[in-house]
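Note sheet for the following structure.
The values are calculated or read from the model by the stated rules, or taken from the named source; none is laboratory data. Treat the numbers as computed from the prediction; the structure is a model and nothing was measured. Here the Cβ positions follow ideal geometry from the backbone for every residue, glycine too, while neighbour counts run over all protein chains shown. SASA here: full protein model, heavy atoms, side chains in, ligands and nucleic acids out. Shrake-Rupley method; radii C 1.70, N 1.55, O 1.52, S 1.80 Å.
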Amino acid sequence: MEGVEQAEGHLDEGLYSRQIYTLGVEAMKKMSSSKVLLIGLNGLGVEIAKNVVLAGVKSVTIYDPTPVQISDLGAQFFLRVEDIGKSRASVSGPRLAELNTYVPVTVFEGELTEDFISGFQVVVTTNTSLERQIFINDITHRLGIKFISADIHGLFGFAFNDFGEEFIVHDQTGEEPLTGMIAAVELDGTVACLEEHRHGLEDGDYVKFTELKGLNSLEGQLFKVSVTAEGPYTFKIGDVSSFGTIGASGGVFTQVKQPKTLKFASLRDSLIKPEFLISDFAKFDRPAQLHLAFQALDAFKVESGRYPRAHNEADAAKIISIVEKLNKSSAEPTDLNNKLLKEVSYQANAELSPMAALFGGLIGQEVLKATSGKFTPIYQYFYFDSLESLPKNSLRSEETCKPLNSRYDGQIAVFGLDFHHKISNQKQFLVGAGAIGCEMLKNWAMMGLGSGPEGKIFVTDMDTIEKSNLNRQFLFRPWDVTKQKSSTAAEAVKQMNPDLHIQAFQDRVGQDTENIFDDNFWTALSGVTNALDNVDARKYVDRRCVYYRKPLVESGTLGTKGNTQ
C-alpha cells in the first residue's frame with residue numbers, strides 16, 4: 001500500500017497543524033524520516049499502528065501471519081467477520097493505509113532476520129513470545145535501533161523500552177522554559193522569588209539571569225539549580241561571592257533546557273534487574289509482582305500452548321507456582337499477593353478494547369519519543385492494572401466467564417456474562433464526535449455497548465469534517481471532508497460492529513434544542529459522555545445530567561495533556 005510521496009523536509013501543515021503546534025517542526029521532521037516495524041496486529045497492535053500512521057512517520061511495516069479468530073473482533077477494529085481465517089496483517093494493512101496517504105503501509109510475510117530488521121529506526125512488538133522478543137531485541141540493541149514491547153491481559157498491561165546505550169532527550173518535558181521575577185540573589189547562592197511566586201524548578205535544572213540589580217556579571221552565565229527544603233519560593237545556584245561583594249536585588253530568571261543522555265539496558269538484562277516507572281504509588285508493590293506474573297504467563301503458554309482459562313483454579317495455581325519459582329531465583333525477591341496473581345491468571349486470555357486504547361496511545365507516544373528525541377521516554381518498564389474496574393455486584397465464575405465463541409469473549413472472561421448484558425443494553429448519549437468522540441465510539445463498538453435489544457447509542461455533533469481533523473479523528477477519511485461528523489462516525493463504527501444500535505444527530509445541545517433532546521430523551525438514558533471543546537455546552541450538559549440524575553463522563557485534551565472526571 002504505497003503512500004503519496006512527501007517532499008524531503010516538507011510537512012503538510014493543513015493536515016498536521018495541531019501536531020506541529022504540540023511537537024514542533026524539528027521533531028516532526030525527525031519523525032517523518034523514521035521507518036517503523038510493528039510486529040503483532042491484535043487489538044493493541046492495531047491501536048499502535050493507527051496512532052503511528054496518523055502521526056506521520058516515513059513508513060510503517062506490519063507483520064502478523066496469525067489467522068483471524070472471532071474473539072479478535074472484540075478489540076481489533078479493522079477486522080470483520082468475513083476476515084476470519086485470513087492473516088491479521090494482510091487484512092489490516094489496506095485499512096491502515098487509508099488513514100494517512102503520506103505514510104506507506106507494507107505487509108511483510110517473510111522471516112524476521114537481522115538484515116530485514118536493520119532497515120528500521122524503531123521496532124515494536126506486541127502479542128509476541130518472550131523468547132522472540134529477546135531475539136529481536138538482541139539485534140536492535142546491538143544495531144542501535146529503538147525497541148519497544150508491550151502486551152495486555154485483561155485489566156493488566158505492560159510496556160518496555162530499550163532506546164540504546166546513548167539516547168539523547170533534547171527536551172524532557174516539551175513545556176516552555178520557566179521564567180520568573182526574583183526578589184534577591186544572596187552571595188551564598190540563595191535565590192528568592194517575589195513573594196507568593198513559585199519558581200517551579202527541579203533539582204538539576206539550569207537557569208540564567210537578566211535585568212539584575214547588582215551582581216551584573218552573573219548575566220549570561222548558566223547555573224545549576226538545587227531546590228531547597230525551605231519552600232517553593234527559593235532555590236540555590238551555589239556560591240556567587242566571586243562575582244561581587246553585594247548581592248542582587250531584583251531581576252528575572254529563565255530556565256535553560258539541557259539535553260539528557262539515557263542509558264537503556266537490553267531486554268535480556270532488564271528481565272533480571274528491571275527499572276520500573278511507578279504511576280500509582282498506592283500500588284507501589286505491584287510492578288515487581290506483575291513483572292514475574294507476565295513471565296509466568298509466557299512460560300505457561302510455551303508449555304501448554306494456550307493461556308490460562310478464565311477463573312480456572314488449576315491454571316491459576318500453576319501460574320502462582322511458576323511465579324514463586326521465579327521469585328525465589330530473583331536477585332531481589334518480592335512479597336507476593338496470591339489474590340493479585342490469581343486475577344492475572346483469570347484474565348490472561350482476554351483483550352479489552354479500552355486497555356488496548358490506553359496502551360495503544362501510550363506506545364504510540366513512545367514511538368514518537370524514540371524518533372524525535374522529545375519528551376522523556378518510559379524508563380524502562382511500565383506496569384499498569386485497572387482492577388478498580390471490576391464489578392462488585394456481578395457474579396464472576398468459571399461458568400459465567402467461559403467463552404461463547406463470540407466477539408465479546410474477552411469482555412465476558414473478565415467481567416462475566418451478566419455484566420456484558422448490562423453493557424449491551426446501555427443507552428448512552430455522546431455529545432461531540434471529534435477526536436475524543438471517535439475514540440469513544442470505537443471503544444463502545446468493540447465492547448458491544450448499545451448492541452442489546454434495549455441498548456442504543458445517541459451521538460450528536462453539528463460540525464462538518466475538515467482536512468485538519470483527519471490527523472486525529474480516525475473514523476474519517478479524505479473522501480469524508482465536508483460531510484457531517486456524527487453521521488459519518490456512526491456509519492464507520494457500524495461497519496466495525498454491525499450489532500450496534502446507533503442514531504446520529506446534527507444538533508447542538510442547548511436550550512434551543514430542548515424540543516429534540518426533551519424530557520423523554522434524557523429520562524431514558526443510562527449515561528452521558530461529553531467530548532466537547534465548548535465550555536458553555538459542557539456546562540449545559542452538566543446541568544441537564546444533574547437535573548435528570550444521569551452519570552456524566554467529562555474529558556478533554558490540550559496537546560500532550562488530558563483530563564477526565
Report task. For segment 181-232, just run the numbers: alpha carbon Rg, then divide by 2.2 N^0.38 Å, N being how many residues it has. Result -> 1.09
Query - Cα gyration tensor shape for segment 295-400, rounded if a/c is under 1.5, else prolate or oblate - result: oblate
Report summary line: For segment 180-235, the accessible surface attributable to carbon and sulfur atoms (probe 1.4 angstrom, ligands and nucleic acids excluded) amounts in percent to 48
Requested in this report: For segment 309-359, give the percent of accessible area contributed by carbon and sulfur heavy atoms, probe 1.4 Å, rounded to a whole number.
Outcome: 49
Query - Calculated diffusion of segment 376-437, Stokes-Einstein form, Kirkwood radius summed over Cα pairs, 37 °C and 0.692 mPa s, µm²/s - result: 227
Requested in this report: Place the peptides 370-376, 35-41 in order of packing, highest mean first, counting for every residue the other Cβ atoms within 10 Å and averaging per peptide.
Outcome: 35-41, 370-376
Report task. Please name which of L395, L112, L262 has its Cα lying farthest along the dipole of the chain towards the positive end, using unit charges on Cβ (Lys, Arg +1; Asp, Glu -1) and the Cα centre as origin. Result -> L395
Report summary line: With a Förster distance of 51 angstrom and the Cβ-Cβ distance between V25 and N216, calculated FRET efficiency to the nearest 0.05 equals 0.90
**Report entry** Inverse mean reciprocal Cα-Cα distance (Kirkwood Rh) of segment 204-359, Å
**Finding:** 20.5
Query raised in the report: What order, most packed first, do the peptides 296-306, 358-368 have when packing is the mean number of other Cβ atoms within 10 Å of each residue?
Result: 358-368, 296-306
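By the scheme Lys and Arg +1, Asp and Glu -1, what is the net charge of all other residues having a beta-carbon under 10 Å from that of L155?
Spelling it out: positives minus negatives among the neighbours equals -3.
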Query raised in the report: Considering only Q473, V431, G510, whose Cα is most displaced toward the positive end of the charge dipole of segment 389-512, charges sitting on Cβ of Lys, Arg (+1) and Asp, Glu (-1)?
Result: Q473
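Can you order the peptides 148-154, 515-521, 114-120, 382-388 by their average number of other Cβ atoms within 10 Å per residue, highest first?
Those peptides, ordered most packed to least, come out 148-154, 382-388, 114-120, 515-521.
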Report task. Taking the Cα centre of segment 169-255 as origin, work out the dipole magnitude from +1 charges on Lys and Arg Cβ and -1 charges on Asp and Glu Cβ, in debye rounded to 20. Result -> 240
Query raised in the report: For the chain, what is the percent of antiparallel DSSP beta bridges, rounded to the nearest 5?
Result: 55
**Report entry** Magnitude of the charge dipole, segment 271-310, Cβ model with Lys/Arg +1 and Asp/Glu -1, debye to 20
**Finding:** 160
Query - Average accessible area per residue (Å²) across the chain - probe 1.4 Å, nucleic acids and ligands excluded - result: 46
Report task. Work from the charge dipole of the chain (Cβ charges, +1 for Lys and Arg, -1 for Asp and Glu, about the Cα centre) and give the residue of Q172, T529, P287 farthest towards its positive end. Result -> T529
Report summary line: Counting every C-alpha pair in segment 507-565, the percent lying more than 19 Å apart is 29
Requested in this report: Return the FRET efficiency for the residue pair E131, I246: r is the Cβ-Cβ distance, R0 is 60 Å, and the value is rounded to the nearest 0.05.
Outcome: 0.35
Query raised in the report: For segment 6-117, what does the alpha-carbon gyration tensor say about shape, rounded, prolate or oblate, given a ≥ b ≥ c as the root eigenvalues, a/c under 1.5 as rounded, and a/b over b/c as prolate?
Result: prolate
Report summary line: Among segment 254-297, those whose backbone N falls under 19 Å of a label point 7 Å along Cα→Cβ from N337 are 276-297
Query raised in the report: When the C-alpha atoms of segment 429-468 are aligned to their principal axes, what extent does each axis show, in angstrom, from largest down?
Result: 36, 18, 11
**Report entry** Per residue convex hull volume, Cα atoms of the chain, in Å³
**Finding:** 185
Requested in this report: Please report, as a whole percent, how much of the solvent-accessible surface of segment 483-565 comes from carbon and sulfur atoms (probe radius 1.4 Å).
Outcome: 46
Query raised in the report: Radius of gyration and Dmax for segment 476-535's Cα atoms, expressed in Å?
Result: 13.7, 38
Report summary line: Extension length gain for E324 and Q511 (0.36 nm per residue less Cα distance), in nm, is 61.2 nm
**Report entry** segment 1-142 - charge dipole about Cα centre, Lys and Arg +1 at Cβ, Asp and Glu -1, debye rounded to 20
**Finding:** 300
Query raised in the report: When all alpha-carbon pairs of segment 66-192 are counted, what percent fall beyond 18 Å?
Result: 71
Report summary line: Using eta = 1.306 mPa s and T = 10 °C, Stokes-Einstein with Kirkwood Rh from Cα pairs puts D for segment 415-507, in µm² s⁻¹, at 121
Report summary line: Extension length gain for S90 and E13 (0.36 nm per residue less Cα distance), in nm, is 24.6 nm
Query - Cα-only Debye scattering, segment 438-565: base-10 log of I(q)/I(0) at q = 0.21, 0.23 Å⁻¹ - result: -1.49, -1.63
